[in-house]
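Heads up: the structure comes next, in structure tokens.
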Amino acid sequence: MRALVFYEHGGPEQLRYTSVPEPVVGPHEALIEVKAVALNHLDLWVRAGIPGLNLAMPHVGGSDVAGVVAAVGEEVDSAWVGRRVVVNPSLGCGHCEQCLA
């Protein structure tokens, strides 16, 4: 799989279009085959380096994504596979470790 990644914070010169490993779908997750993306200010701020934000590098950015569900984890209804979706990064359950962070 190919992705636009950065290995350190900075300007657009930090971006590299390169091969990355296919993500592993966790039990409560879905893998989205990306069809369209949008650049949003959050992407710019993350790449620049928000104080206190500790990212694993290299980092694949992106918060506004549309695509098709390619695979789901064992705890997700398989009827989602093949559905067109939009990822809304501002929604969360408010209970899991990621939302509470």
For this session: Sum up the charges of everything whose Cβ sits under 14 Å from the Cβ of M57, counting Lys and Arg as +1 and Asp and Glu as -1, but leave M57 out.
Result: +1
Problem set entry | With every protein chain in place, the chain: carbon and sulfur % of accessible area (1.4 Å) | 57
For this session: Take peptides 19-27, 90-98, 2-10 and line them up by average Cβ neighbours within 10 Å, highest first, as a rough protection proxy.
Result: 2-10, 19-27, 90-98
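For the chain, report the accessible area per residue in Å² (1.4 Å probe, heavy atoms, rounded to an integer).
Per residue, the chain has 74 Å² of solvent-accessible surface.
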Exercise. Which value, in debye to the nearest 20, gives the size of the charge dipole of the chain about its Cα centre, when Lys and Arg are +1 and Asp and Glu are -1 at the Cβ?
Worked result: 340
Exercise. Taking R0 as 30 Å, what's the FRET efficiency between H95 and S19 from their Cβ-Cβ distance, rounded to 0.05?
Worked result: 0.30
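The values are calculated or read from the model by the stated rules, or taken from the named source; none is laboratory data. From a predicted model like this one, the values you see are computed outputs, not experimental measurements. Reconstructed Cβ throughout: ideal geometry from the backbone, glycine too, with neighbour counts over all protein chains shown. Each accessible area value is taken on the protein alone, full model and side chains, heavy atoms only, with ligands, DNA and RNA left out. Shrake-Rupley method; radii C 1.70, N 1.55, O 1.52, S 1.80 Å.
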